[in-house]
Amino acid sequence: MTKLQMKNLNKSFDDIKVLKDINFFIADGEIVSLLGESGCGKSTTLKIIAGLIEPDSGDIILDEASILNVQAEKRKTVIVFQDHLLFPHLNIEDNIGFGLKMAGIKKSIRKNKVAEIVSLLKLQGLEKRYPKELSGGQRQRVALGRALAIEPKVLLLDEPFSNLDIRLREEMRELVLGIQRKLGITTILVTHDKEEALMMSDKIAVMIDGEIPQFDTPENIYEKPVSSSVADFFGEKNYIEGSVKNGIFECKFGSFQVDLPLIKSGKMMIKPEKIELLCETEDCSMNGVVKKKRYLGDKVHYTVEVEGKELKVISSEYMGINVGENVRLKIDFSKGIFYPHE
């Protein structure tokens, strides 16, 4: 059973606070994504866990014991970077078995373990090749194999797919997720790709400016973001200013019933996919004019102006609506999230 907990981690570089009281818990066998923009502190967090950087304060608990003062090579964690960092003078077999050799594992045992990893990562037939003879995806698989060969308790992945093209990236995601589930290894993935985090994670830690405003399941983070900052990370949103009183949201578009007892002003967040384009007039629908249209195959993105405000609409149905045309919109405000003004 491998459990990992971050407790009040803080880190500054040159008086710039990079991490601010980072707290989260990873259960045995879970895969957790640290999701955020460049510079938010996610890679720093990973390096602190790996023992490559010391925090200014806080603690890291691995299986009920602090590892803060444990040397990196003894932490039973291993990190895979986006730059695979393979040894160019070693073939694939020797690259994968390098950590085992350094640990003094017998040659016969190393050979069997390497063969197991080669099969797991679908690298059969490439064992005698050198890194320069491999594709980017194959090199990244070798780097992953070298990490898995030493059987770490925690696997740390620092943007491992970012240098791959779209097809290879999708292929590697499926491969890594399958291996992670098969081995049951506790894993932390650093990524700036929201789709990657949503599809691969049991939990997501959204990182913004060195803090984690939300740590939750992918479903809850996407459907119930705790703040507009978290919501905005997952794409364009609509914010409609108004106030809630006794279950009624009042805004420039009218009064709408919502399940909120608050008496506060604020803004209602409505996702573009929660706004419906209508072919005919319905109750509570509104008139608008299409200002922009982007056809994306399985979806169409519209910008529609309603009473002077532009709203983003995403439709999965192609309706043949063009820029400049009048349309009817229906917004279900009960599906929105209200953020009160502070």
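The values are calculated or read from the model by the stated rules, or taken from the named source; none is laboratory data. Fair warning: this is a prediction, and the values are worked out from it, not measured in the lab. A quick note on method: Cβ atoms are made from the backbone with ideal geometry, for glycine too, and the neighbour counts reach across all protein chains shown.
Below is a table of values for the structure above.
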read-out	value
Qualifying position, being without any contact (Cβ under 8 Å) to a residue 12 or more places away in the chain and either in the same structural domain as residue 194 (by TED's automatic domain parsing) or surrounded by 16 or more Cβ atoms within 10 Å (Cβ to Cβ) (or both), among 13, 25	13
Residue that is modelled with the lowest pLDDT, among those in segment 15-39 that are outside any strand (DSSP E or B) and over 17 Å from the mean Cα position of the chain (by Cα)	15
Output for segment 122-139, where each listed residue is in a helix (DSSP H, G or I), farther than 12 Å from residue 95 by Cα and in contact (Cβ under 8 Å) with a residue 24 or more places away in the chain	132, 136, 137
For residue 101: the one exception among (1) surrounded by 16 or more Cβ atoms within 10 Å (Cβ to Cβ); (2) touching a Lys or Arg at 6+ places or on another chain (Cβ under 9 Å); (3) assigned to a helix (DSSP H, G or I)	(1)
Any hit, segment 235-253, residues being farther than 22 Å from residue 338 by Cβ and not β-branched (Val, Ile, Thr)	no
Residue selected from segment 164-181 under the condition among the aliphatic types (A, V, I, L, M) and in contact with a helix residue (DSSP H, G or I) (Cβ under 9 Å, 6 or more places away or on another chain), by the criterion nearest to residue 31 (Cα to Cα)	177
Criterion violated by residue 273 - all others in (1) touching a Lys or Arg at 6+ places or on another chain (Cβ under 8 Å); (2) touching a residue at least 40 places away in the same chain (Cβ under 8 Å) satisfied	(1)
Matching entry among 278, 311, 262, 296 (being more than 22 Å from residue 228 (Cα to Cα) and touching a residue at least 40 places away in the same chain (Cβ under 8 Å))	278
Selected residue (only one of 38, 43 is farther than 18 Å from residue 9 by Cβ and among the hydroxyl-bearing types (Ser, Thr, Tyr))	38
Single match in 116, 174, 151 (criterion: free of Cβ contacts under 8 Å to residues at least 24 places away in the same chain, in a loop (DSSP other than H, G, I, E, B) and of a type in the set (D, E, K, R))	151
